[in-house]
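First the structure, in the form of structure tokens, and then the observations on it.
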Amino acid sequence: MQVEKFYYDNKTVKMFAYAVLLWGIVGMLAGLWIAIALYYPSINLGFAPTTFGRMRPVHTNAVIFAFVGNGIFMGIYYSLQRLCKTRMFSDLLSKIHFWGWQLIIVAGALTLWTGHTSGKEYAELEWPIDIAIALVWVVFGINMFGTILKRRESHIYVAIWFYIATWVTVAMLHIVNSLELPISFLKSYSMYAGVQDALVQWWYGHNAVAFFLTTPYLGLMYYFLPKAANRPIYSYRLSIIHFWALIFIYIWAGPHHLLYTALPDWAQSLGVVFSIMLIAPSWGGMLNGLFTLRGAWDKVREEPVLKFLVVAITCYGMATFEGPMLSLKSVNAISHFTDWTIAHVHVGALGWNGFLTFGVLYWIIPKMWNTTLYSKKLAGTHFWTGTIGIILYVIPMYWAGFTQSMMWKTFTEEGQLKFQFLETVTHIVPMYAVRSIGGALYLVGAFIMVYNLIKTVQQGSFVADEAAEAPALEKNIVPHSKEYWHRWIEKRPMQMLVLSLIAVAIGGVVELIPTFLVKSNIPTISSVKPYTPLELHGRDVYIREGCYLCHSQMVRPFRDEVARYGEYSKAGEFVYDHPFQWGSKRTGPDLARVGGKYPDSWHYNHMMDPQSMSPGSIMPSYPWLYEDEVDTLLTPKMIWAMRKLGVPYAEGYEYNANDDLRLQQQKIVTSLQGDKISGVNGKPINNKSIIALIAYLQRIGMDIKSAPKTQTAQSGQGVMGN
């Protein structure tokens, strides 16, 4: 058999590795910034881009798509070539992929900092960037599948199965969730509204965790763990069960983010059932990884790479057990909207994704520079600094979560709520401070790693094109009569692609289609009317400033929530909300019934100086809202887009919508003048963003307050199920 010589491309891997280091530091710094902001509001600086509402999506996008995303590509480009025994399909496509992804990251950060956001968590980037993501993802897919098709190895190893499932599922999730109607270059509205938008968003949001933060990293685990341990994976058959069960079940679990909400009860129940089922394949993968190290624990004590990988896999097991537990309604009633969820997420992000990425970096950098790691002692210091950082991060957040829930739900003997919401915030401020110390330690560990890898690079010599050789793949091999059935699939990458797509599409179709086609799933409420033009502008300001990241708009059917906020939320309330604004965390109180609760002047002063109205508040001030003007040129486009999306504005209303906008503005200005507020620094307040925001805040929940009780009660039948 003739042996062919070829060269692995290490240049692309190197570029992605450098990007991991750069964006990892940037993302972690942004995370530390917002962690400090939760107990030291002055760090917001009174400057729009540095506020929590704008920095938080920068942090999440930088960590997920920049740090982890580049980590995925780094690991795939390194491992795929060696598993397929061939160079990547196209050096040009590799370069387009790398630079395209970095440009997307930069564009995403700049647009989020300037307030251009779709308002959907983990999918905040606006429509031009969404299109760019899809195009770059296609480039990546062509390069990956081209490499697999020209492989010299007949068998497609388990890591590649996870890479294939990742590519096809992320493409599906991104396209479906990103359907939106543009009204300008950086402004669009979601094609979905209310309950439908919530279901699509968390079908995407949960599975972004599943298929961007989990499945590709499982592929990396299956490659780098056996390599670092110099042992075969524990069980081939367990890896088959792990893969197919995981990708089929995971896609169904999204609704568990929406328990006790206005989502139809059948969808909630599906999410719970499949979330519990997820424990089995998830732990199957964890055990397959850990059992691979049987008899090699002495090596784990000596090798930094294995230390990081072991903790990463352990954190994966912890997070994938806790996730299903949080989907149980009895547990979710305690955890949802609290910092418990933040702790859970960061066990996975810091432990699973972060530590596995660190382990891969410590493995591939010495290999590509043909040297040894500069200092195992420094790597050990990084390991323990990072581990202690994780512990100091998550334990205070678990504590804070339990504290929040207990204080929210506590009543006096007379049946009154015992604590005001602000008391529940100020009580956990010390826990926020400890959390930031843990995050700072984790960041220090990352800096230690960067120094260690720089010194490693300096002492080595980079091998840009690594020589290798392997026999050509034989064509038309007759399969052995006793060949295991799964071997047939493993030799056919396109069939595996199709089967993976079918496996992940089934759950999405079953959950999404009934919610869109069966009208009775989303009963309407006749008193709920479309937003006025000024309220639409105010809602856009609310989304732009990231208010939904701290305030929910979803009153669940619990005694404490109804007592604190008002009547529980119904599906029909949200039929004109593009996008929905239910939120996922209550750093501030729920706003679903805030309309009419305070006078206009209260909101005006509160946005200027929150502490003056709510002593002890950790909310930043928003002085630019008193300077920025509402762009009335956009009003006709906004009304047109909403009508296209099904909001019942009259035909041609866009041409006189600004007349109504000015009338409503004047009413609010007159109200403020009655409370001795006429402007800021001598400047009039007409047509300022603050007026639009006040209009929106005063509208929230008012339609339900004005509806007959029998009507709102009927609208909830068959929806809440509680």
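The values are calculated or read from the model by the stated rules, or taken from the named source; none is laboratory data. For clarity, every value in this text was computed on a predicted model and none was experimentally measured. Cβ coordinates were reconstructed from backbone atoms using ideal geometry, including for glycine residues, and neighbour counts include every protein chain displayed.
Taking region 621-722 as the region of interest, the helices (runs of 4 or more DSSP H) fully inside it that hold 3 or more residues being modelled with pLDDT under 95, outside the structural domain of residue 329 (by TED's automatic domain parsing) and in contact with a Lys or Arg (Cβ under 8 Å, 6 or more places away or on another chain) are 702-706.
Just one of the numbered conditions (1) under 30 Å from residue 607 (Cα atoms); (2) part of a helix (DSSP H, G or I) is not true of residue 21: (1). Among the helices (runs of 4 or more DSSP H) confined to region 416-508, the ones with at least 2 residues that are among the small types (Gly, Ala, Ser), touching a residue at least 12 places away in the same chain (Cβ under 8 Å) and under 30 Å from residue 351 (Cβ atoms) are located at 429-459. Kindly evaluate residue 270 against the criterion of being surrounded by 22 or more Cβ atoms within 10 Å (Cβ to Cβ) and not charged (D, E, K, R). When the stated conditions are applied, residue 270 does not pass them. Across region 627-648, the qualifying residues are those that are buried (at least 19 other Cβ atoms within 10 Å of the Cβ) and over 29 Å from the mean Cα position of the chain (by Cα), and the one among them that is nearest to residue 689 (Cα to Cα) is 630. Evaluate the following for residue 203: is it of a type in the set (Phe, Trp, Tyr), farther than 19 Å from residue 517 by Cβ and part of a helix (DSSP H, G or I)? Criteria not met by residue 203. Taking region 227-243 as the range and being touching a His at 6+ places or on another chain (Cβ under 9 Å) and either within 23 Å of residue 209 (Cα to Cα) or among the β-branched types (Val, Ile, Thr) (or both) as the test, only 240 passes.
Give me the residue from region 59-103 that is in a helix (DSSP H, G or I) and hydroxyl-bearing (Ser, Thr, Tyr) and, out of that set, surrounded by the most Cβ atoms within 10 Å (Cβ to Cβ). The qualifying residue surrounded by the most Cβ atoms within 10 Å (Cβ to Cβ) is 77. Consider residue 254 carefully, then state whether it is modelled with pLDDT under 95, in contact with a helix residue (DSSP H, G or I) (Cβ under 8 Å, 6 or more places away or on another chain), farther than 24 Å from residue 160 by Cα and small (Gly, Ala, Ser). Taking the combined requirement at face value, the residue satisfies it. Inside region 293-310, residues that are buried (at least 22 other Cβ atoms within 10 Å of the Cβ) and touching a Phe, Trp or Tyr at 6+ places or on another chain (Cβ under 8 Å) make up a count of 5. For region 531-578, taking the residues that are assigned to a loop (DSSP other than H, G, I, E, B) and without any contact (Cβ under 8 Å) to a residue 60 or more places away in the chain, the one that is surrounded by the fewest Cβ atoms within 10 Å (Cβ to Cβ) is identified as 551. In the set (1) closer than 30 Å to residue 357 by Cα; (2) not assigned by TED's automatic domain parsing to the domain that holds residue 377, residue 442 fails one condition alone, (2). Selection within region 361-379: residues that are of a type in the set (Ser, Thr, Tyr) and buried (at least 16 other Cβ atoms within 10 Å of the Cβ). The member of this set that is nearest to residue 227 (Cα to Cα) is 362.
Condition check ((1) part of a strand (DSSP E or B); (2) outside the structural domain of residue 317 (by TED's automatic domain parsing); (3) at pLDDT below 95) across all residues:
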| residue | (1), (2), (3) |
| --- | --- |
| 167 | no, yes, no |
| 170 | no, yes, no |
| 173 | no, yes, no |
| 183 | yes, yes, no |
| 189 | yes, yes, no |
| 198 | no, yes, no |
| 218 | no, yes, no |
| 262 | no, yes, yes |
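Being on the phi < 0 side of the Ramachandran plot and outside any helix (DSSP H, G or I) is a description that applies to residue 524. A residue that is surrounded by fewer than 21 Cβ atoms within 10 Å (Cβ to Cβ), under 23 Å from residue 280 (Cβ atoms), out of contact with any Cys (no Cβ under 7 Å at 6 or more places or on another chain) and hydroxyl-bearing (Ser, Thr, Tyr) occurs nowhere in region 206-214.
Residues in region 562-584 that are over 11 Å from residue 194 (Cβ atoms), over 26 Å from the mean Cα position of the chain (by Cα) and not β-branched (Val, Ile, Thr): 563, 564, 565, 566, 567, 568.
For region 290-338, the set of residues classified as assigned to a loop (DSSP other than H, G, I, E, B) and of a type in the set (D, E, K, R) consists of 294, 303, listed by residue number. Cβ-Cβ contacts under 8 Å between residues 6 or more apart (or on different chains), taken from a first residue in region 63-81 that is under 12 Å from residue 97 (Cβ atoms) to a second residue that is of a type in the set (Ser, Thr, Tyr) and assigned to a helix (DSSP H, G or I), are listed as 72/166; 72/217; 76/163; 77/12; 77/94.
Of all residues in region 358-383, those being in contact (Cβ under 8 Å) with a residue 12 or more places away in the chain and part of a helix (DSSP H, G or I) number 17.
Checked against the criterion of being outside the structural domain of residue 557 (by TED's automatic domain parsing), under 30 Å from residue 592 (Cα atoms) and either over 22 Å from the mean Cα position of the chain (by Cα) or touching a residue at least 24 places away in the same chain (Cβ under 8 Å) (or both), region 286-309 contains not a single residue that satisfies it. Could you tell me whether residue 393 is modelled with pLDDT of 95 or more, in a helix (DSSP H, G or I) and crowded, with 23+ Cβ neighbours inside 10 Å? Against the criterion (modelled with pLDDT of 95 or more, in a helix (DSSP H, G or I) and crowded, with 23+ Cβ neighbours inside 10 Å), residue 393 qualifies.
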